[in-house]
1. Given charges of +1 on the Cβ of Lys and Arg and -1 on the Cβ of Asp and Glu, with all other atoms neutral, how large is the dipole of region 2-141 about its Cα centre, in debye to the nearest 20?
2. Is the shape of region 2-141 best called rounded, prolate or oblate, per the rule: a/c under 1.5 gives rounded, else a/b larger than b/c gives prolate, else oblate, with a ≥ b ≥ c the square roots of the Cα gyration tensor eigenvalues?
3. Describe numerically, in nm with one decimal, the distance between label points set 7 Å from Cα along Cα→Cβ at L99 and at A27.
4. Could I have the simple spin-label model distance between V118 and A19, label points 7 Å from Cα toward Cβ, reported in nm to one decimal?
Amino acid sequence: MRNYWNRPLGSKLIILLSAALLLEMLAPWQRICAVTSGSEPRICGWRTAYSGSEFGTYAAILAAVILVWELLPVVIPRLSMRGWMTAVVTAILSVALALCTLVKLIKDNEFQTIWAWVGFALALAIMLTALIRVRFRWETRHKPGPATHPPPAAPGVESPPGGGPAS
């Protein structure tokens, strides 16, 4: 468990949000009612994100893959996984997760409950956290180092060839 607390904040957020999404997908996302004939009452039930269209299953698989990908350095401490490419892989998976969740919402558009929107918000939070991590890793990867060029000469003063100080 100590290795979990050594992870960057973005990684911890993605782990917690992915686990929350997997659990939240068990909540009733859609209310389904069957029409009956005569004076019988309607028969109603619930659908979770896992039932209905196949995009709910794809979203669950992507959330599980993100969770495993982010937990690898916790389980196997020799894996550092703090580089730029690790953040890019998480970002690609999280964009696919948000798209699958959005398609699930569009395909099962009737009688949605608040839980469907909570799941979509969790998927968007995972995606935004992953994209912010990519941007942060990109900026730290391409930070300019110490200046290797000589400072510019004053106006009207020519610097000698070779860039050294004028004598």
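Laboratory data are not the source of any read-out in this text; all were calculated from the coordinates shown. Just so we're clear, the structure is a prediction, and the values are computed from it rather than from any experiment. Neighbour counts run over all protein chains shown; Cβ positions are idealised from the backbone, glycine included.
1. Details: 14 positive and 7 negative charges, 139 e Å.
With Lys and Arg at +1 and Asp and Glu at -1, about 660 debye.
2. Numbers: a/c = 3.52, a/b = 2.63, b/c = 1.34.
Because a/c hits 1.5 or more and a/b exceeds b/c, region 2-141 counts as prolate.
3. Distance between label points: 2.6 nm.
4. It works out to 1.7 nm between the two label points.
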